[in-house]
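A.B. asks: Below is a structure I'd like to ask you about.
Read the figures in this text as sums done on the coordinates, not as results from a lab. Everything numeric here is computed off the predicted structure, so don't read it as measured data. Note that each Cβ is placed from the backbone with ideal geometry, even for glycine, and that neighbours are counted across all protein chains shown.
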Amino acid sequence: MFMKLLKNKIKSIFGTVFENQGLEPKEFEHLIQTPRDTNVCDLCIPCFSLAKIMKENPKIIAENLAKEFNEIMGTEVNVEALNGYVNFLSDSKWLVKKIFVDNYCFFEQINKNKILIEHTSANPNGPFHVGRARNAILGDALVRLNRDIGNDVIAEYYVDDMGKQVGILSWALENISSEEVNQILKSNNMDDLNPIWKNKQDHVRVRWYQAANILRKDNQKIEEELTEIINKSEEGDEEVLQQFKNAFQPILDGMLETLSELGIKYDSFTNESKFIIDGTVNEIMKRLEKSNLYGEAENGAKFLELSGKGVSGKSTKFFFQRGDGSSLYATRDLAYHQWKWGVSEKLINVLGEDHRLQSKQVSVALTELNIKCPEVVFYAFIKLPEGKMSTRRGNVVFMDDLIIEAQEMALKILSERKSNLNDDKRLKIAKSVASSAIRFNILKVSPEKGFTFKWEDALSFDADSAPFIMYSHARSCSIHEKVKSLELKEVDLEISEIEINESTSRLLRTILRYEDAVEKSVSENKPNHFCSYMLELSTSYNLFYRDSPIIKDEQINKFNYNVSEYSRKLLFRGCNALGLIPLESM
RNA sequence: GGGCGCAUAGUGUAGUGGAUAUCACGCUGGCCUUCUAAGCCGGCAACCGGGGUUCGAAUCCCCGUGUGCCCGCCA
């Protein structure tokens, strides 16, 4: 809701006004809403639904209500009737008082939670491509936004340290020579290893994974060997699990190095095998047998029948135990969820849209087990113009390559604009711009919408991008530095004497919507909303910057400086909440 | 065959029942001896089709079309 401050004020007199009109206030409080265009007013009440009840033209109802509100409201908020709406517009000086004198604080009234956000959890079998990285970027933004509100957040990576994928990798590293790998990939028209990544193990070892997938296609002997080690891993065999770990850990380290370039870090890593070893997977499987949905296949495999639970398709069975008694990925996921609820009060999972059915099955099973369900954020895939990205087939854009390209683009722009920087400074700016721009280009799109990756878009640093926001922040920093050098003497603000122009008024209103913007993104798990807000905040600051000089003839306009400083700090805070790097100059 | 997502200017997007449909790229015309022009100001251009619910639908429901994902005792 737009401006909590204003809404509370309207609510405080809402009852009196509506009672005077013979209406029960509680039934109509929900009518207070954000206008579509926030330049028209701050909050409004549409009167169309009242027309029927009051048997009156909405325009006239709005006029009557506006009159009543005006009589009680005082000068802090202007109330006007327009086109059947009651429009509320806060007085700019009231906003100035709230921000600069009363030091209004964001998120004071919100309940703080302990939240575990599980994101990325990509199988450690190769480098991040742009598609997989959408998960990490989204998840990390949710972590940051929740922290901005004041929630206590655990950023969690679930490591697939057992089963088929790492099994294949491990087998490949034991059984295929480097020469063979190169030869196999070459004869299958797969790209060579880019020399710049020759020391990065995720890029090196993924080639073994790819080669093994080609070799095992029609080779019964390899399949048998794989089955043996995979089975052992699923039984919790320590030796095999260690062998798997030796195979994937250098890859995982490489992947985390890539994410770290994008400012993404985790608080904890949990291994899938943990729940086999500690026995909770077995316990879960026993409990599931008591479910009304329980069924058994001819070979003893166990499942829940979900046809009555909104699941349909070729198969409506959710298998949680194989015929040989071993567990499946989803079963371990159930045990994992039980564990997660032990360490936090709220769970968020970030998953690709291919996991929609899986996630539904897990939710039904959790309900059968009397375990609460997590919130799940699904995102659509990023395609290439040539089609779907696939690590196995090598049809990918690596995040590492995108980062390098983005840095080079930023360096090129810098050399056109700023010739007086040394190389260190230049590289630091380029890295920050690249990382921020990549993150923002993914975050600004609503998670459920898929998009096609295009280099041209990914490397665009114009408006509607992170550098646009960072640039506004850098401008405010530049002013800050200049004012400091002029040694301003502290002078109290005399609100009554301040002149507030239109762009300043707009900026103040945008500032006070910060809270609502973060809350909306957090409650809906959609960082793209907050991206829009940050673009608006930057635009508002740019207009203020144009119209309201802070330093003129060596004199400092104290009020404008205060507004600029507040904006600078808020831009900084908002950048952090999205994982953009707010530079002081660029 | 079935299920689930998505469909808004040439392109990409915002919007979850209300005012003249947002922002950007693009095309086009302006603004740097003035706090960073990665900026600012003006113009062009859009709700997939058909029904329904409603005082009011881009938004909710139904049918269709297109597109993505899924339907494994894989992860």
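A.B. asks: Let me check I've understood the local charge: for residue A:226, count other residues with C-beta under 14 angstrom from its C-beta, Lys and Arg +1, Asp and Glu -1. What total comes out?
C.D. replies: Working: positive: A:164, A:216, A:217, A:221, A:232; negative: A:174, A:218, A:223, A:224, A:225, A:228, A:234.
Result for the neighbourhood of residue A:226: -2.
A.B. asks: Suppose each label sits 7 Å from its Cα in the direction of the beta carbon; what would the residue A:112-residue A:70 distance come out to in nanometres?
C.D. replies: Placing both labels 7 Å beyond Cα along the Cβ direction yields 4.4 nm.
A.B. asks: What pairs in A:340/A:360; A:265/A:526; A:245/A:346; A:114/A:569; A:200/A:245; A:484/A:558 have C-alpha atoms more than 22 Å from each other? Don't skip to the answer; put the middle values down first.
C.D. replies: Numbers: A:340/A:360 18 Å; A:265/A:526 20 Å; A:245/A:346 30 Å; A:114/A:569 26 Å; A:200/A:245 17 Å; A:484/A:558 12 Å.
With Cα atoms farther than 22 Å apart: A:245/A:346; A:114/A:569.
A.B. asks: Once every DSSP H run of n ≥ 4 in chain A is given -39500 (n - 2.57) and the sum is divided by its residues, what mean residue ellipticity at 222 nm do you get, rounded to the nearest 500 deg cm²/dmol? The partial results should precede the final answer.
C.D. replies: On the way: 22 runs with 310 residues, N = 586.
Calculated from helices alone, the mean residue ellipticity at 222 nm is -17000 deg cm²/dmol.
A.B. asks: Sticking with this one: Can you give me the angle between helix A:514-524 and the longest principal axis of chain A, using Cα atoms only, in degrees from 0 to 90, rounded to the nearest 10?
C.D. replies: Compared with the principal axis, the helix lies near 30 degrees.
A.B. asks: Taking the Cβ of residue A:238 as the centre, find all other residues whose Cβ is under 15 Å away and add up their charges (Lys, Arg: +1; Asp, Glu: -1). Show your work: numbers first, answer last.
C.D. replies: Details: positive: A:232, A:245, A:274; negative: A:161, A:234, A:235, A:237, A:239, A:272, A:278.
Around residue A:238, the surrounding residues sum to -4.
A.B. asks: Now, a different point. For a footprinting-style exposure proxy, rank A:369, A:486 by other Cβ within 10 Å, fewest first.
C.D. replies: Details: A:369 18, A:486 11.
Final ranking by Cβ density, sparse to dense: A:486, A:369.
A.B. asks: Please give the contour-minus-distance gain from residue A:501 to residue A:225: 0.36 nm per residue of separation, less the Cα-Cα distance, rounded to one decimal in nm. Intermediate values should be presented prior to the final figure.
C.D. replies: On the way: separation 276, 0.36 × 276 = 99.36 nm, distance 7.56 nm.
Length gained between residue A:501 and residue A:225: 91.8 nm.
A.B. asks: By how many nm would the segment from residue A:457 to residue A:551 grow when fully extended, if each residue of separation counts as 0.36 nm and the alpha-carbon distance is taken off?
C.D. replies: Numbers: separation 94, 0.36 × 94 = 33.84 nm, distance 3.73 nm.
My answer for the length gained is 30.1 nm.
A.B. asks: Taking a ≥ b ≥ c as the square roots of the eigenvalues of the Cα gyration tensor of chain A, is the shape rounded (a/c under 1.5), prolate (a/b larger than b/c) or oblate?
C.D. replies: Values: a/c = 2.77, a/b = 1.52, b/c = 1.83.
Because a/c hits 1.5 or more and a/b fails to exceed b/c, chain A counts as oblate.
A.B. asks: Placing +1 at every Lys and Arg Cβ and -1 at every Asp and Glu Cβ, with all other atoms neutral, what dipole size does chain A have around its Cα centre, in debye to the nearest 20? Spell out each step's value before the answer.
C.D. replies: Numbers: 76 positive and 87 negative charges, 136 e Å.
My answer is approximately 660 debye.
A.B. asks: Using alpha-carbon pairs under 8 Å, 6+ residues apart, how would you state the relative contact order of chain A in percent?
C.D. replies: Details: 851 pairs, mean separation 86.7, N = 586.
After rounding, I find 15 percent.
A.B. asks: Here's another thing I want to ask about it. For residue A:294 paired with residue A:198, estimate the spin-label separation in nm (one decimal), with each label point 7 Å from Cα along the Cα-to-Cβ line.
C.D. replies: Once both label points are built, they end up 5.9 nm from each other.
A.B. asks: Sticking with this structure for a sec: Kindly identify segment A:399-578 as rounded, prolate or oblate by the Cα gyration tensor criterion: order the square roots of the eigenvalues as a ≥ b ≥ c, call it rounded if a/c is under 1.5, otherwise compare a/b with b/c, prolate if a/b is larger, else oblate. Before the final figure, lay out each step's value.
C.D. replies: Working: a/c = 2.71, a/b = 1.39, b/c = 1.95.
The shape class here is oblate.
A.B. asks: In addition: For segment A:208-266, what class follows from the C-alpha gyration tensor (a ≥ b ≥ c being the square roots of its eigenvalues): rounded when a/c is under 1.5, otherwise prolate if a/b is larger than b/c, else oblate? Let's see the in-between values first.
C.D. replies: Working: a/c = 3.78, a/b = 1.67, b/c = 2.27.
Oblate, because a/c is 1.5 or more while a/b does not exceed b/c.
A.B. asks: How far is helix A:502-512 tilted, in degrees, relative to the longest principal axis of the Cα atoms in chain A, given as a value from 0 to 90 rounded to the nearest 10?
C.D. replies: Approximately 50 degrees, to the nearest ten.
A.B. asks: Moving to a separate point now. Counting residues in segment A:461-568 as N, plug N into 2.2 N^0.38 Å and put the Cα Rg over that result. Working shown, then result.
C.D. replies: Values: Rg = 15.2 Å, N = 108, 2.2 N^0.38 = 13.0 Å.
Relative to the rule-of-thumb radius for its length, segment A:461-568 sits at 1.16.
A.B. asks: Label point 7 Å out from residue A:191 along Cα-to-Cβ: which residues of segment A:376-401 have amide N under 19 Å?
C.D. replies: Counting backbone N atoms under 19 Å from the label point, the list is A:382-401.
A.B. asks: Contour minus end-to-end for residue A:260 and residue A:572, with contour as 0.36 nm per residue of separation and end-to-end as the Cα-Cα distance? Intermediate results must be reported in sequence, preceding the final value.
C.D. replies: Details: separation 312, 0.36 × 312 = 112.32 nm, distance 1.99 nm.
Extra length from residue A:260 to residue A:572 when fully extended: 110.3 nm.
A.B. asks: How far is helix A:164-175 tilted off the main Cα axis of chain A, in degrees rounded to 10, range 0 to 90?
C.D. replies: Here the helix axis deviates by roughly 50 degrees.
A.B. asks: Run the reach check for residue A:55 against lysines, Cα to Cα strictly under 24 Å, same-chain hits fewer than 8 apart removed. What comes back?
C.D. replies: Of all the lysines, those that pass the test against residue A:55 - Cα under 24 Å, at least 8 places apart if same chain - are A:26, A:67.
A.B. asks: If you average over every viewing direction, what projected area does the convex hull of the Cα atoms of segment A:214-360 give, in nm²?
C.D. replies: On the way: hull surface 48.1 nm².
Average of the hull's projected areas for segment A:214-360 equals 12.0 nm².
A.B. asks: Net charge near residue A:368, counting Lys/Arg +1 and Asp/Glu -1 over other residues with Cβ under 12 Å of its Cβ? Spell out each step's value before the answer.
C.D. replies: Values: positive: A:287, A:290, A:309; negative: A:289, A:305.
Residues close to residue A:368 contribute a combined charge of +1.
A.B. asks: Continuing with the same structure: Which of the GluC sites (Glu not before Pro) across segment A:419-519 are loop residues per DSSP, with 16 or fewer other Cβ within 10 Å? Write out the running numbers ahead of the final one.
C.D. replies: Numbers: sites: A:448, A:456, A:481, A:487, A:490, A:494, A:497, A:499, A:502, A:515, A:519; in loops: A:448, A:487, A:490, A:494, A:499.
Passing sites in segment A:419-519 are A:448, A:487, A:490, A:494, A:499.
A.B. asks: Still on this structure, please answer the following. Consider a paramagnetic label point 7 Å from the Cα of residue A:357 along Cα→Cβ; state which residues of segment A:309-336 have an amide N under 15 Å from it.
C.D. replies: Only A:309-320, A:330 pass the distance filter.
A.B. asks: Moving to a separate point now. For the pair residue A:37/residue A:19, report the inter-label distance in nm, with labels modelled 7 Å from Cα in the Cβ direction.
C.D. replies: Distance between the two pseudo-spin positions: 3.7 nm.
A.B. asks: For segment A:4-90, calculate the relative contact order in percent as a whole number, restricting contacts to Cα pairs under 8 Å that are 6 or more residues apart.
C.D. replies: Numbers: 117 pairs, mean separation 23.4, N = 87.
The normalised contact order for segment A:4-90 reaches 27 percent.
A.B. asks: Would you mind telling me the antiparallel percentage of the DSSP bridges in chain A, rounded to 5? It would help to have the intermediate numbers written out before the result.
C.D. replies: Details: 24 of 44 bridges.
Beta bridges within chain A, antiparallel portion: roughly 55 percent.
A.B. asks: Would you please give the FRET efficiency between residue A:486 and residue A:446, computed as 1/(1 + (r/R0)^6) with r the Cβ-Cβ distance and R0 = 41 Å, to the nearest 0.05?
C.D. replies: Numbers: r = 45 Å, r/R0 = 1.10.
The computed FRET efficiency comes out at 0.35.
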